[in-house]
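The values are calculated or read from the model by the stated rules, or taken from the named source; none is laboratory data. Keep in mind the model is a prediction, meaning the values are calculated, not measured. Positions of Cβ are generated from backbone atoms using ideal geometry, with glycine treated the same way; all protein chains shown enter the neighbour counts. Protein only, heavy atoms only, side chains kept; ligands, DNA and RNA dropped before computing areas. Shrake-Rupley method; radii C 1.70, N 1.55, O 1.52, S 1.80 Å.
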Amino acid sequence: MRILFIHPNYSAGAADIAGNWSPAWVAYIAGYLKSGGYQDYQFIDGLVEQLNDEQMRAAIRATQPDIIATTAMTPMIYAAQRVLQIAKEEHPNAVTVLGGIHGTFMYNQVLDEAPWIDVIVRGEGEAVTLNLVRCIDEGRWPAERESVRGIAFLDEQSKVIATEAEPSISDVDAIWPDWGILEWKKYIYIPLGVPVATPNMARGCPFTCSFCSQWKFWRDYRVRNPKRMVDEIEELVKVHGVGFFILADEEPQINKKMFVDFCQELIDRNLGIHWGINTRVTDVMRDEDLLPFYRKAGLVHVSLGTEAAAQLNLDRFVKETTIEQNKRAVRLLQENGIVTEAQFIVGLENETRETLEETYRYVMDWGADMANWSMYTPWPFSDMFTEMGDKVEVFDYSKYNFVSPIMKPDNIDRAELLDGVMANYRRFYMKRMLFQYPWVRDPFRRKYLIGCIRAFFKSALERRFYQLGKQNYWGPLFKKLIKFDYDKNKSKIVEPDHNAWKKAPPAKRPGATAAGTPAPTISGAMPKACGGGNQQLEDISDLPPGTAKCQPGGCGGTGPRPESSSAQVAMPTPPAAASKPERVAEEA
């Protein structure tokens, strides 16, 4: 049974600025198949190889697969559909498989647009994919395909069939990735010049949010044993030469005990590896006394979900933080030698040139080492997408990439919005490059920051940053030349609620509950939304799945996630360094 995995050639113009990210999804899926007795697989990374259609066709033609599988977040969906169309043309008898967050919830639309896709893997991918492979290998496909849980397909009458959901994998320690499927020399983190990995310690999110997809996709919150997690890190370091990793968790510190144990294990093994995370402002303040310990464990970069400079927007995002808390968290991290990145969500309907300027003034006042401005992106399968109604005007999913303005502000046009964001980037990084980075006393921190600015300027000069080349942006004097090229033939499609696996209560929103009162959970427990405020959870290892959490971009922040593995949240990646990577293995 020969299996060909393919990563589509799609770049959002943000996540790849810091280098080529190792696609974790293929490592976790391949590893699970290997443990199930299937190890005749190959991988084509169309993104890193920058393969066009004809090059992709040639690469697929050179193989003789029985199964061809790819993955897609929302902005990748058209590229993934095209990959499988080429695959079906080259190998008509092979079974074409799509996994990932977009197909999980939008399978009706995907199968309508791309009937050459034989099957969609819905939700967490490992167990579903293994059962699917067995069904095909044992000759039960397609006659018994309805017996495979967690898939969707077209039957003989072109009717969409979605089978019962596959239960989530309770023993996440049993999932062991095959990182050897990757050619590690291709995945270099530019700031440090070393191979970079995107493993994850926890899956899911114990909270719900109207604009977030994590709780819907993973369904249950599960944490790996810290020793087992560091076993994986040790293999990455000693076998594959990895020198930097980003934990792909939504919010690694949410389970404080597990996170502390993980750091202690890294210290005990003395692997000499550096790493980064995305986290919440309140977690940083909660763990103030532990920050030197975290730095000793190798934590060198933290992306903070500061989200907004206006308290009004912080309240709207249910961040349960204040401007002063943002400033304090930045200072605490810097005092402990940790590179600090502030992340902002921009581009909502109330955005103005003045509010963009406000984010710049605040981040300069806070003194953050780095800053990232991400365009708000309303996922088509989130509750908020429906709630926003006609305010969402763009349905070309290839532009749901965190850098194209999907929403149109009421008082400025999209070109003015993009120009305002670019003005913030220019001023911020020019000042940091001239007056901060070269003068940092800590040698490693200085090297890291200069490496980040090098990656930023390399991307800017190549006009890849923020897709400036594609958007034809040349500066403030040429705003009339900007072209976003939205496909206006794409119309709004609201899928049915496919989250039949579990119904969770809505996340806390302003006015939804009494002031300061967290939204109740399924079990009756009362953690605050996003685990924020003075009720931050110390250890939720026993917390029942299905409780509510998450803000735009995950609890930690707006995200960018390198294309590695996870259900998407709302935003993109930092300009030069890495923010939170997309998490692991739901994608076929």
Exercise for review: Would you mind listing how long segment 367-438 runs along its three principal axes, going by Cα atoms, in whole Å with the largest first?
Suggested key: 47, 23, 21
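Take the solvent-accessible surface of the protein heavy atoms, probe 1.4 Å, and return the percent of it on segment 315-448 that carbon and sulfur atoms account for.
Carbon and sulfur together cover 51 percent of it.
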**Study point:** Cα convex hull volume per residue for segment 87-133 (Å³)
**Key:** 69
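Using only the Cα atoms of segment 50-144, build the gyration tensor, take square roots of its eigenvalues as a ≥ b ≥ c, and label the shape rounded, prolate or oblate: rounded if a/c is under 1.5, else prolate if a/b is larger than b/c, else oblate. Write out the running numbers ahead of the final one.
Details: a/c = 1.74, a/b = 1.10, b/c = 1.58.
It comes out oblate by the Cα gyration axes.
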Review point. Under a 1.4 Å probe, what is the accessible area of segment 6-116 per residue, stated in Å²?
Key: 30
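For W474 and R328 in the same chain, what is the full-extension length gain: residue separation times 0.36 nm, less their Cα-Cα distance, in nm?
48.9 nm
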Exercise for review: Please report, in debye to the nearest 20, how large the charge dipole of segment 1-147 is about its Cα centre when each Lys and Arg carries +1 at its beta carbon and each Asp and Glu carries -1 there.
Suggested key: 120
Study note, to complete from the structure: Candidate cut points under trypsin sites (Lys or Arg not before Pro) in segment 440-473, DSSP loop plus at most 13 other Cβ atoms within 10 Å of their own Cβ, are R441
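Classify segment 95-167 from the C-alpha gyration tensor, please: rounded if a/c falls under 1.5, else prolate or oblate depending on whether a/b exceeds b/c.
On the way: a/c = 1.69, a/b = 1.16, b/c = 1.46.
Oblate shape, in that a/c is at least 1.5 and b/c is the bigger or equal ratio.
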Exercise for review: Determine by what factor the alpha-carbon radius of gyration of segment 160-234 differs from 2.2 N^0.38 Å, reporting the quotient.
Suggested key: 1.42
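Specify whether the C-alpha gyration tensor of segment 264-308 places it in the rounded, prolate or oblate class, a ≥ b ≥ c being the square roots of the eigenvalues: rounded for a/c under 1.5, otherwise prolate if a/b is larger than b/c and oblate if not. Display every interim value, and only then the final one.
Values: a/c = 3.57, a/b = 1.80, b/c = 1.98.
Cα axes put segment 264-308 in the oblate bin.
Using unit Cβ charges (K, R positive; D, E negative) and no other charged atoms, how large, in debye to the nearest 20, is the dipole of segment 355-448 about its Cα centre? Provide the component values of the computation, followed by the final result.
Values: 13 positive and 14 negative charges, 182 e Å.
Charge dipole, segment 355-448, about its Cα centre: 880 debye, nearest 20.
Using 0.36 nm per residue of separation minus the Cα-Cα distance, give me the extension gain between E156 and D53 in nm, one decimal.
That pair, E156 and D53, stretches by 34.1 nm at full extension.
Which of the pairs K186/K227; K391/K480; K327/K447; K408/K483; K227/K256; K227/K257 have their Cα atoms more than 18 Å apart in this structure? Mind showing how you got there, number by number?
Values: K186/K227 28 Å; K391/K480 23 Å; K327/K447 24 Å; K408/K483 14 Å; K227/K256 15 Å; K227/K257 13 Å.
Where the Cα-Cα span goes over 18 Å, the pairs concerned are K186/K227; K391/K480; K327/K447.
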**Study point:** Alpha carbon centroid spacing (whole Å) that separates segment 421-493 from segment 148-196
**Key:** 31
